[in-house]
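Below is one structure, written out as structure tokens, with a few remarks after it.
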Amino acid sequence: MATVPPEVLPDAWQPLLAQPPLARLLGQPIVDEALLTMHRLLPPRVAVHSLRTFLLADACARARGTGCDRTGLLVAAAFHDTGLTRGAPRVRGGFPTRSAALLDRFLVGHGVAERRRGALTRAVREHMRPFPARDAGPEARLLHFAAWLDVVGRGGGEVPGERRRLAALAPTPLFAVSFSARVAVSGLRGALPDRLPPGAGRRGRPAR
């Protein structure tokens, strides 16, 4: 399968695609096709959020010394909001469940083994939880951290200044407001778990 030259992707993506953690993954067929699929399915601002999410997840992994499937993490980040596409059917679990199903079909098409698929689709399915599950793997924890950080700024102390730096490279003004409205329209009901982790209720649920 031919690789996709970065220059055929949107101009707004280029400063993020040039960042070393992302640039070094380009050229892999599964990565290139994931980016093209994201470009086809997502509104421009949401697609930029997805790229920033991967870069924040990678920064967190390096800060924590966490080993992870970085190629898989980028693919999961590319798909994690694809369930927000207009006209997508409402399903139990809301848009994260739809996103995970789209990712699973994509990974099956690329011959990805079941165990790896399970880790990546779980990361997407659970990224809207208030907090990661105790038994979540590294990809799930990193995607969760980065998605919340990019939208609402939670956890920025772990990677000081990184959210601001990436937002300056690829700005999406008032993204948190517009994204929250899109989530509401998509039908989030059922996307969040019924029970919070122990002690989480005292801190409240942050709005994403």
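Residues in the range 149-177 that are of a type outside the set (A, V, I, L, M), open to solvent by 30 Å² or more (accessible area, probe 1.4 Å) and under 20 Å from Q19 (Cα atoms): 8 in all. With a requirement of 1 or more residues that are of a type in the set (S, T, N, Q), the helices (runs of 4 or more DSSP H) lying completely within the range 39-156 that satisfy it span 44-64, 70-79, 94-109, 114-125. Report, ordered by the first and then the second residue, all pairs with beta carbons closer than 6 Å, sequence separation of six or more or different chains, a first member in the range 10-37 that is charged (D, E, K, R), and a second member that is in a loop (DSSP other than H, G, I, E, B) and at pLDDT below 95. Every condition considered, the pairs that remain are D32/T3; D32/V4. Quick check, is L174 among the hydrophobic types (A, V, I, L, M, F, W, C), at positive phi, at pLDDT below 95 and out of contact with any Asp or Glu (no Cβ under 8 Å at 6 or more places or on another chain)? Judged against the criteria, L174 is a match. D58 meets all of the listed conditions (1) acidic (D, E); (2) open to solvent by less than 10 Å² (accessible area, probe 1.4 Å); (3) farther than 26 Å from V159 by Cβ but one, namely (3). For first residues located in the range 57-70 and touching a residue at least 24 places away in the same chain (Cβ under 8 Å), partners that are of a type in the set (K, R) and lie 6+ apart or on another chain with Cβ distances below 8 Å form the pairs D58/R70; A61/R70; T66/R141; D69/R116. Examine the range 191-198 for a residue that is modelled with pLDDT under 65 and touching a Gly at 6+ places or on another chain (Cβ under 7 Å), and state whether such a residue exists. Yes: one or more hits. Condition test on D58, is it of a type in the set (D, E) and under 23 Å from T172 (Cβ atoms)? Yes; evaluated as a whole, the condition is true for this residue.
The values are calculated or read from the model by the stated rules, or taken from the named source; none is laboratory data. Note that this is a predicted model, so its numbers are computed, not measured. Methodologically, a virtual Cβ is constructed for each residue, glycine included, from the backbone with ideal geometry; neighbour enumeration extends over all protein chains shown. Note: accessible area is taken over every heavy atom of the protein model, side chains too, but ligands, DNA and RNA are not part of it. Shrake-Rupley method; radii C 1.70, N 1.55, O 1.52, S 1.80 Å.
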